[in-house]
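As structure tokens, the structure follows; a few thoughts come after it.
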Amino acid sequence: MAITKGAKKAHRQSLRKNAMNQTRKTAMRTAMKNVRGAEKGDIKAVAAAYQAIDKALKRGIIKKNTAARRKAKVAKTLSTK
């Protein structure tokens with residue numbers, strides 16, 4: 001357990017950041033699942049997935065190549081349905 005005042009504050013901050021990161025990660029996964037159920041060429045599904053992926057990348061939840069790979073997967077999924 002944190003003893004010093006600074007350690008307690010750092011712990012509170014890490015809990016808040018963890019909650020936000022989990023929210024963004026869940027939103028990204030949900031958007032990817034919605035893409036799988038979408039019709040071919042559904043622009044709204046693509047836009048939502050790209051937005052969720054970009055936000056996760058911006059916050060450092062996923063890395064650059066992972067984001068690129070997931071965007072490519074989204075584009076390929078909706079172009080081949």
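The values are calculated or read from the model by the stated rules, or taken from the named source; none is laboratory data. Bear in mind that the values here come from a model prediction, so they are computed numbers and not experimental data. Heads up, the Cβs are rebuilt from the backbone with ideal geometry, glycines too, and the neighbour counts pull from every protein chain shown.
A compact table of results
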quantity: Residue among Lys58, Lys40 that alone is modelled with pLDDT of 95 or more and surrounded by fewer than 19 Cβ atoms within 10 Å (Cβ to Cβ); calculated: Lys58
quantity: Some residue of region 17-26 being at pLDDT 90 or above, within 11 Å of Val74 (Cβ to Cβ), within 13 Å of the chain's Cα centre (by Cα) and of a type outside the set (A, V, I, L, M, F, W, C); calculated: no
quantity: Every residue from region 43-55 that is surrounded by 15 or more Cβ atoms within 10 Å (Cβ to Cβ), over 27 Å from Lys17 (Cβ atoms) and not small (Gly, Ala, Ser); calculated: Val46
quantity: Total residues in region 4-28, condition surrounded by 12 or more Cβ atoms within 10 Å (Cβ to Cβ) and charged (D, E, K, R); calculated: 3
quantity: Conditions (1) in contact with a Leu (Cβ under 9 Å, 6 or more places away or on another chain); (2) surrounded by fewer than 11 Cβ atoms within 10 Å (Cβ to Cβ); number of the one not met by Met1; calculated: (1)
